[in-house]
Amino acid sequence: MAKIYIKIAILLAITGLHPLLYASLSPYNDLNIVVDISEQRLYLLDDQLILYSYPISSSKYGEGSTENSFKTPLGMHEIKRKIGDDAKLNSIFVARTNTNKLAEIIKINIDTEDDHVTSRILWLDGKEEGINRGKGIDSFQRYIYIHGTHEEGLIGKKASHGCIRMFNNDVVSLYEYVKEGTKVYIRA
């Protein structure tokens, strides 16, 4: 039990120290997201208070920003586009368009050939020039999303092709809380 309190204290200290995240906090208590790759968790914060903690899956290829690397980029981002208003749970998106087909959700630990984007899309835009923004490393141009997956049995493990995968119910819930412009800090 003490370990969880230590992790929360460390997380709060880190989020409080990152200048771009700190600068984004307003007196109106805007919501912010911290993705902790070492824990495979996404935290929804109101100021520095953790409102929700969700398990995630980041890239099976590790962390990095290079185009075509299939790695999860680090650093400060923001949600540039929200896609999927009113889409049915488990809807498959192709090129950010709802196909109106439902994915078969795999609850066991199987990595399939498919990499379906399902239910909702939160399209991220890098905010740090030379780190996750700019030629050859741009998170938005790399189509880095927070999204649902049909491979729910792999959530909690590194399994994606660069995006942040979530359980479908979780990404639908998160989608309702955040807006375009919400800050997202991804750390290793």
**Message:** I need the full set of residues from region 58-84 which are farther than 19 Å from MET166 by Cβ and either modelled with pLDDT under 95 or not in a loop (DSSP other than H, G, I, E, B) (or both), in order please.
**Reply:** GLY75, MET76
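Identify all residues within region 19-52 that are surrounded by 14 or more Cβ atoms within 10 Å (Cβ to Cβ) and at pLDDT below 50; write none if there are none.
Step one: of region 19-52, the residues surrounded by 14 or more Cβ atoms within 10 Å (Cβ to Cβ) are 20-21, 24-25, 30-37, 39-48, 50, 52.
Result: LEU20, LEU21, SER24, LEU25.
Condition test on GLY181, is it in contact with a Ser or Thr (Cβ under 8 Å, 6 or more places away or on another chain), small (Gly, Ala, Ser) and either surrounded by fewer than 23 Cβ atoms within 10 Å (Cβ to Cβ) or part of a loop (DSSP other than H, G, I, E, B) (or both)? So that I can check it myself, show each step before the final result.
Details: in contact with a Ser or Thr (Cβ under 8 Å, 6 or more places away or on another chain): no; small (Gly, Ala, Ser): yes; either surrounded by fewer than 23 Cβ atoms within 10 Å (Cβ to Cβ) or part of a loop (DSSP other than H, G, I, E, B) (or both): yes.
It is false that GLY181 is in contact with a Ser or Thr (Cβ under 8 Å, 6 or more places away or on another chain), small (Gly, Ala, Ser) and either surrounded by fewer than 23 Cβ atoms within 10 Å (Cβ to Cβ) or part of a loop (DSSP other than H, G, I, E, B) (or both).
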**Request:** Kindly provide the set of residues from region 60-92 that are within 22 Å of ILE155 (Cα to Cα) and among the basic types (Lys, Arg), ordered by number.
**Result:** LYS60, LYS71, LYS82, LYS88
**Item:** Unmet requirement for GLU151, which otherwise passes all of (1) within 16 Å of LYS60 (Cα to Cα); (2) surrounded by fewer than 20 Cβ atoms within 10 Å (Cβ to Cβ)
**Value:** (2)
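If you check TYR143, TYR175, which single one turns out to be crowded, with 20+ Cβ neighbours inside 10 Å, out of contact with any Leu (no Cβ under 6 Å at 6 or more places or on another chain) and among the aromatic types (Phe, Trp, Tyr)?
Values: TYR143 fails: crowded, with 20+ Cβ neighbours inside 10 Å.
Unique residue meeting the criteria: TYR175.
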**Message:** Looking at region 53-110 only, could you name the residues that are in contact (Cβ under 8 Å) with a residue 24 or more places away in the chain, of a type in the set (A, V, I, L, M) and loosely packed, with under 14 Cβ neighbours inside 10 Å?
**Reply:** ILE108, ILE110
**Filter result for ILE131 (modelled with pLDDT of 95 or more, crowded, with 17+ Cβ neighbours inside 10 Å and of a type in the set (Val, Ile, Thr))** = no
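Take LEU89 and tell me if it is closer than 12 Å to ASN168 by Cβ and over 20 Å from the mean Cα position of the chain (by Cα). Write out each step before concluding.
Details: closer than 12 Å to ASN168 by Cβ: yes; over 20 Å from the mean Cα position of the chain (by Cα): no.
The answer is no for LEU89.
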**Asked** Restricting region 109-161 to residues that are more than 15 Å from the chain's Cα centre (by Cα) and in a strand (DSSP E or B), which is farthest from PRO55 (Cα to Cα)?
**Response** GLU129
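The values are calculated or read from the model by the stated rules, or taken from the named source; none is laboratory data. In this text the structure is predicted, and so the values were computed from the model without any measurement. Cβ atoms come from the backbone with ideal geometry, glycine included; neighbour counts cover every protein chain shown.
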